[in-house]
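Asks: What follows is a structure written as structure tokens; I'll ask about it next.
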Amino acid sequence: MANIKWSYMDHWSMLTQRGLIDPWYSRKCMDRFIRQIVALGFTGYDSFLYRLTSMASNFGGGSLKNVLKFMQDRGMEKFVGIWPMLAGTPHDRSTHDQGVASAEQSLKLVEGLGVENFIVMPGGQYAQVEPVTDEKIKIMGEYYNRIGEVTLRHGIKLSCHHEFFCAIHSQEEIEKFYSWTDPKYVFFYCDTAQHVIAGVDPVILYMKYHDRCGGLHLKDTHYIDRVEDYRIPNDPEMNSSTTGRWFWEMGTREGLVNFPKLMKALKGYNYTGWLTVEHDKADVYEGNNASSTCMAKWYIDNVLSPIYQ
């Protein structure tokens, strides 16, 4: 798979005498974490901007470039995707200027890190926005057209990631959103599990928007939301009535995502660049990130890679 590189989305936690901690808790923990994922073949890193600023506090001068150097010394290539800290409420035009200003500030923080994608949920939680009307979707589209124009000036794509509880999550809502946004500025980011939970086929979505796809988060799910758990306020991923664990690593027998079909589509459209493995909340139900990541990489090497080659 010479055209594909693998990135890892940071949701990792580590068990210590103090309980579960994040790897950026200390330089020692970061060293252990980075060496583990590099050993498996991940050379890109995705994270949240607030986590990066916490990492920087462990390095001289609080510089993210020092963090990158620390990671590169251990075999990591670059930061690939970042979730920025954007102000504003996308469906409220009166907050859009505030959001654009916060995007500019976030871009300054990641300058020189090689970031390719600013990944955002293109609306608030469904419960905070409903009723989701065409007018609100158009307003959200206006907001992200402006943000995307700003990020692209810095060589970074604004890529929209549709959680199953996002205000824009159904097939119809997604299609309206991309029809009312400028493909020069607003890109699609495919999260395989989130789309399946929302009752949407991620392979069909990728094929439809392959020419404006900024990247993919690869993870599986065992459930489809059939009882409108997406309407739960606060955190539907943690407080749902259906399951305590929405997300699973690739390769489980109960998995609902058709990864081989997706890999064939990626090959068919000559997708090149980074694919990102994500294990969101893999440590619930006595699971752990290290085990999930090893299982996923085995599946990549033995099932997915032969399809793309």
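Asks: Top mean-square fluctuation among Thr221, Thr151, Thr133, Gaussian network model of the chain, C-alpha springs under 10 Å?
Replies: Thr133
Asks: Just order 233-246, 32-45 by mean Cβ neighbour count inside 10 Å, highest at the front, would you?
Replies: 32-45, 233-246
Asks: Continuing with the same structure: Out of Val132, Thr181, Phe165, whose Cα points farthest toward the positive end of the dipole of region 118-250 (charges: +1 Lys, Arg; -1 Asp, Glu; placed on Cβ)?
Replies: With unit charges placed on the Cβ atoms, the residue in question is Thr181.
Asks: For Cα pairs less than 8 Å apart in space and 6+ apart in sequence, what is the mean separation divided by the residue count of region 193-268, i.e. the relative contact order in percent?
Replies: After rounding, I find 37 percent.
Asks: Aspartates and glutamates near Lys69 by alpha-carbon distance under 19 Å, same-chain residues fewer than 8 away left out - which ones?
Replies: Asp10, Asp31, Asp46, Glu77, Glu111, Glu116
Asks: Report the charge-dipole magnitude of region 4-308 in Debye, nearest 20, computed about the Cα centre from +1 at each Lys and Arg Cβ and -1 at each Asp and Glu Cβ.
Replies: Using Cβ point charges on Lys, Arg, Asp and Glu, region 4-308 gives about 1060 debye.
Asks: Among residues other than Gly255 whose Cβ falls under 13 Å from its Cβ, what is the net charge (Lys/Arg +1, Asp/Glu -1)?
Replies: +1
Asks: Projecting each Cα onto the charge dipole of region 4-308 (Lys/Arg +1, Asp/Glu -1 at the beta carbon, about the Cα centre), which of Gly88, His222, Ile300 comes out farthest on the positive side?
Replies: The listed residue farthest towards the positive side: Ile300.
Asks: Indicate the helices, whole DSSP H runs only, in the chain that combine a mean Kyte-Doolittle hydropathy of -1.0 or more with a Cα extent along their long axis of 18 angstrom or more.
Replies: Span-like helices here: 27-40, 96-109, 134-153.
Asks: Okay, moving on. Ranking request for peptides 71-79, 290-298: highest mean number of other beta-carbon atoms within 10 Å first, then the rest in descending order.
Replies: 290-298, 71-79
Asks: Same structure, new question: How charged is the neighbourhood of Glu278? Take every other residue with its Cβ under 11 Å from the Cβ of Glu278, and add Lys/Arg as +1 and Asp/Glu as -1.
Replies: Local charge sum for Glu278: -4.
Asks: Give me the tail of P(r) for region 1-155 as a percent: Cα-Cα pairs with distance above 28 Å.
Replies: Value for region 1-155 (Cα pairs over 28 Å): 32 percent.
Asks: If you don't mind, there's one more thing I want to ask. Ranking Ile197, Ile204 by Cβ neighbours within 10 Å, fewest first, what do you get?
Replies: Ile204, Ile197
Asks: In addition: At each listed q (0.12, 0.19 Å⁻¹), what is the log10 of I(q)/I(0) that the Debye formula gives for region 69-214 modelled as equal alpha-carbon point scatterers?
Replies: -0.48, -1.12
Asks: Something else about it: Scale the Cα Rg of the chain by the rule-of-thumb value 2.2 N^0.38 Å and send over the ratio, two decimals.
Replies: 0.96
Asks: Would you work out which of Phe42, Pro233, His279 lies farthest towards the positive end of the dipole of the chain, given +1 charges on the beta-carbon of Lys and Arg and -1 on that of Asp and Glu, about the Cα centre?
Replies: The residue sitting farthest along the positive end of the dipole is Phe42.
Asks: Sort 18-29, 134-145 by packing, meaning the average of other beta carbons within 10 Å per residue, with the highest value first.
Replies: 134-145, 18-29
Asks: Taking K and R as +1 and D and E as -1, what net charge do the other residues with C-beta under 14 Å from the C-beta of Gly215 add up to?
Replies: For residues surrounding Gly215, the net value is 0.
Each value in this text was obtained by applying a stated rule to the coordinates, not by laboratory testing. Computed from a prediction, not measured in an experiment: that's the story for all the values here. Ideal geometry is used to build each Cβ from the backbone, glycine not excepted, and the neighbour counts take in all protein chains shown.
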